[in-house]
Amino acid sequence: MFVKVCGLRTEGDVATAVSAGADAVGFVFARSPRQVDPDLARELVAGVPSQVLTVGVFAGVEAAEAARIALDTGIGAVQLHGDYPPEAFAELAGLPVRLVRATTLTADTDVRTGAYGEDLLLLDSPVAGSGERWDLTVLDQARPQGQWLLAGGLNPGNVAGAIAAAQPWGVDVSSGVESSRGVKDHGLIREFVAAARGATVR
Ligand SMILES: O=C(O)c1ccccc1N[C@@H]1O[C@H](COP(=O)(O)O)[C@@H](O)[C@H]1O
């Protein structure tokens, strides 16, 4: 089970997620209480071991701007969050960054990972980063294929059940490991990673 912990803003957040065993850590460049600027992101990314994927989260900016920030900060993956068309991903093809297509699951969603040229598909709740869960039974109609992450309202107490229900390749969390909006709780980060790792995968 691949585990991403998102919305990190301090060296302590990063050190905790890495020592807990996270596979990926996320830095939010989109407008959010978790937003980091490129200078802070560059410092935080420098402290992440190479085996842990660093992900920049973008929404509402041109793909080219996201790519510029990723290259400037040393981030390893660009997560385009929202209704980015295939052309946005095509624009970033060939850059030394992995691509994450983050979207809400609707009847029109192409649930094949790689359909837009991305490396990872991320299925999230309609309001990104809100901590709201979404109806996982929708997955009965549209079963994602390939490497995909489940996000949206996960926390240490519900992640094992969500994994059992949705059978994702990985999980992603932000709100569920916070003591208040935008402030990470290090104990919850550790609990989340342990719970996700201990979950049953078919
Ligand atoms: O975290 C944010 O503030 C955010 C803002 C804009 C786009 C995406 C954002 N976060 C993503 O939301 C999920 C986590 O959701 P939750 O808080 O656990 O419900 C994750 O994919 C983040 O990258």
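The values are calculated or read from the model by the stated rules, or taken from the named source; none is laboratory data. Since the model is a prediction, treat every value here as computed from it, not as a measurement. Note that each Cβ is placed from the backbone with ideal geometry, even for glycine, and that neighbours are counted across all protein chains shown. Surface areas here come from the heavy atoms of the whole protein model, side chains and all, with no ligands, DNA or RNA. Shrake-Rupley method; radii C 1.70, N 1.55, O 1.52, S 1.80 Å.
Under 8 Å between Cβ atoms, which residue pairs at least 6 apart in sequence (or on different chains) link something in region 143-157 that is under 9 Å from GLY170 (Cα atoms) with a partner that is aromatic (Phe, Trp, Tyr)?
Here the result reads GLN147/PHE2; GLN147/TRP169; TRP148/TRP169; LEU149/PHE2; LEU149/TRP169, each pair linking region 143-157 to a residue that is aromatic (Phe, Trp, Tyr).
Would region 121-129 turn up any residue that is under 26 Å from THR73 (Cα atoms) and assigned to a loop (DSSP other than H, G, I, E, B)?
yes
Within region 122-151, can you find the residues that are open to solvent by 10 Å² or more (accessible area, probe 1.4 Å) and hydroxyl-bearing (Ser, Thr, Tyr)?
SER130, THR137
I'd like the full set of residues that are under 15 Å from THR73 (Cα atoms) and either among the charged types (D, E, K, R) or open to solvent by less than 10 Å² (accessible area, probe 1.4 Å) (or both), limited to region 11-35.
Within region 11-35, VAL25, GLY26, PHE27 qualify.
With of a type in the set (D, E, K, R), within 16 Å of the ligand (Cβ to nearest atom) and part of a helix (DSSP H, G or I) as the only criterion, which of ASP13, ASP39 stands out?
Working: ASP39 fails: within 16 Å of the ligand (Cβ to nearest atom).
Testing whether each residue is of a type in the set (D, E, K, R), within 16 Å of the ligand (Cβ to nearest atom) and part of a helix (DSSP H, G or I) leaves just ASP13.
For region 190-202: of the residues being buried (at least 24 other Cβ atoms within 10 Å of the Cβ) and either modelled with pLDDT under 95 or closer than 14 Å to CYS6 by Cα (or both), which is nearest to the ligand (Cβ to nearest atom)?
Restricting to residues being buried (at least 24 other Cβ atoms within 10 Å of the Cβ) and either modelled with pLDDT under 95 or closer than 14 Å to CYS6 by Cα (or both), the top hit is PHE192.
Which ones in region 152-188 are of a type in the set (Val, Ile, Thr), surrounded by fewer than 24 Cβ atoms within 10 Å (Cβ to Cβ) and either at pLDDT below 95 or assigned to a helix (DSSP H, G or I) (or both)?
ILE163
Kindly indicate which of ALA63, ALA30 is more than 9 Å from the ligand (Cβ to nearest atom), among the small types (Gly, Ala, Ser) and farther than 21 Å from GLY187 by Cα.
Details: ALA30 fails: more than 9 Å from the ligand (Cβ to nearest atom).
Exactly one residue qualifies, and that residue is ALA63.
Search region 43-60 for residues being out of contact with any Gly (no Cβ under 7 Å at 6 or more places or on another chain) and within 15 Å of LEU120 (Cβ to Cβ), and hand back the single one that is farthest from the ligand (Cβ to nearest atom).
By that ranking, first place goes to VAL52.
Listed here are the residues, each with its yes/no results for (1) in a loop (DSSP other than H, G, I, E, B); (2) open to solvent by 60 Å² or more (accessible area, probe 1.4 Å); (3) out of contact with any strand residue (DSSP E or B) (no Cβ under 9 Å at 6 or more places or on another chain); (4) without any contact (Cβ under 8 Å) to a residue 40 or more places away in the chain.
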position: VAL45; (1), (2), (3), (4): no, no, no, yes
position: VAL55; (1), (2), (3), (4): no, no, no, no
position: LEU71; (1), (2), (3), (4): no, yes, yes, yes
position: PRO96; (1), (2), (3), (4): yes, yes, yes, yes
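Conditions: (1) farther than 27 Å from ALA164 by Cα; (2) assigned to a strand (DSSP E or B). GLY26 meets all but one. Number of the miss?
Going through the list (1) farther than 27 Å from ALA164 by Cα; (2) assigned to a strand (DSSP E or B), GLY26 breaks only (1).
Would you mind telling me which numbered condition in (1) at pLDDT 95 or above; (2) over 16 Å from ASP172 (Cβ atoms); (3) of a type in the set (Lys, Arg) ARG101 fails?
Of everything listed in (1) at pLDDT 95 or above; (2) over 16 Å from ASP172 (Cβ atoms); (3) of a type in the set (Lys, Arg), ARG101 misses just condition (2).
Check region 153-173 and report whether any residue there is within 14 Å of the ligand (Cβ to nearest atom), within 22 Å of VAL45 (Cα to Cα) and charged (D, E, K, R).
Yes, some residue in region 153-173 is within 14 Å of the ligand (Cβ to nearest atom), within 22 Å of VAL45 (Cα to Cα) and charged (D, E, K, R).
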